[in-house]
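Let me begin by presenting the structure, written as structure tokens, before commenting on it.
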Amino acid sequence: MKIIIDKKGNKYYWERGDLHTSFGVIKEKDIKNGIVKSHLEKEFIVFDGGFTDKLNKIKRGPAIMLPKDIGLILSYTGINSKSKIVDAGSGCGVLSAFLGNISKNVVSYEKNKDFFNLAKKNLEFLDIKVKLMNKDIYDGIDEKELDLITLDLNEPWKVLKYAKKSLKSGSFLVCYLPNITQVSRLVKEAKGFYVDRVLENIERGWIVDYERLRPKNIILGHTGFLVFLRNI
């Protein structure tokens, strides 16, 4: 897959065939990395797509965790290629894909059969190896000696007793929650865990276009709270 960008910043995900745009047609034979022109002599930028580009092409279902929040999980937990990870609430598989892009030892629980099938198809499309389980994590965790557990669930406190037994000492349990009332209950019930941090990430992009250097009008604000707990 290649990424093609026109002069207005519109992005096209191209795989084969001629590309038809409002700035003209680019013939398949002319599409190569670098600067190319359409039949209207309009310039386009072309380069190879990668993992994050393919993510934009997956099929969506339930609401997803955004990269701005996922980035905090990856950086603050310090996972690596040898980390053993359990993810629950797979949804369409976005967080599972990011985790699986780093570690080859990721298990993801999803009780909803439709979401399970969707996540499976998306991970196959991304060529990411994650062991998917059509199972409710509220019933228990099979895996032991884990380095990280991530939960995108309404009632993560129901998993605390299982996480306590499955995580290594000092390892992380990270919960993604939309409401501060959920955060309050989770922290209150997190006996045997150290509350490392509670974060809300606000992202503001900038326009960088020759003579225009200013913040964008729209800020990517509250999406959810991230609660980082460490097993004592």
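Here are a few things to note about the model shown:
- Nearest 10 degrees, 0 to 90: helix 67-77 Cα axis against the chain principal axis: 50 degrees
- Descending by average beta-carbon neighbour count within 10 Å, the peptides 42-52, 138-148, 206-216 line up as 138-148, 42-52, 206-216, the highest first.
- 12 Å beta-carbon shell around V174, net charge (K/R +1, D/E -1): -3
- Answer label, with P(r) over Cα pairs in 5 Å bins from 0, in percent calculated from the coordinates and candidates [x] 1, 6, 13, 14, 16, 14, 11, 8, 7, 5, 3, 2, 0, 0; [y] 1, 7, 14, 17, 18, 16, 12, 8, 5, 2, 1, 0; [z] 1, 6, 15, 20, 21, 18, 11, 6, 1, 0: [x]
- Length gained when the stretch E145-E41 is fully extended (0.36 nm per residue, less Cα-Cα span): 31.5 nm
- Using a Förster distance of 35 Å, the FRET efficiency for D136-R60 (Cβ separation, nearest 0.05): 0.95
- Taking a straight line from the alpha carbon of K168, these aspartates and glutamates sit under 16 Å away, with near neighbours fewer than eight places off in the same chain left out: D87, D142, E143, E145, D147, D196.
- Among 168-177, 73-82, the order from most to least packed when residues are scored by Cβ within 10 Å on average: 168-177, 73-82
- Proximal charge balance of L132 [Cβ under 12 Å; K/R count +1, D/E count -1]: +4
- Cross-link table K120/K165; K59/K191; K84/K191; K32/K120, entries beyond 30 Å C-alpha to C-alpha: K59/K191; K32/K120
- Counting only residues at least eight positions apart within a chain, or on another chain, the lysines with an alpha carbon under 17 Å from that of K29 are K2, K37, K42.
- Per residue, the solvent-accessible area of the stretch 95-232 (1.4 Å probe, heavy atoms of protein chains only, all protein chains present) comes to 56 Å².
- C-alpha long axis of helix 180-189 to longest principal axis of the chain, angle in °: 40 degrees
- Carbon + sulfur, % of accessible area of the stretch 1-68 - ligands and nucleic acids excluded, 1.4 Å: 50 percent
- Mean-position separation - Cα centroids, the stretch 106-138 and the stretch 154-175, in angstrom: 20 Å
- Spin-label model, N117 to S22: label points 7 Å out along the Cα-to-beta-carbon direction sit 3.7 nm apart.
The values are calculated or read from the model by the stated rules, or taken from the named source; none is laboratory data. It should be emphasised that the depicted structure is a prediction, and the values quoted were computed from it without experimental measurement. As a convention, Cβ positions derive from the backbone with ideal geometry for all residues, glycine included, and neighbour counts pool all protein chains shown. Please note that ligands, DNA and RNA were not included when accessible areas were found on the heavy atoms of the full protein model with its side chains. Shrake-Rupley method; radii C 1.70, N 1.55, O 1.52, S 1.80 Å.
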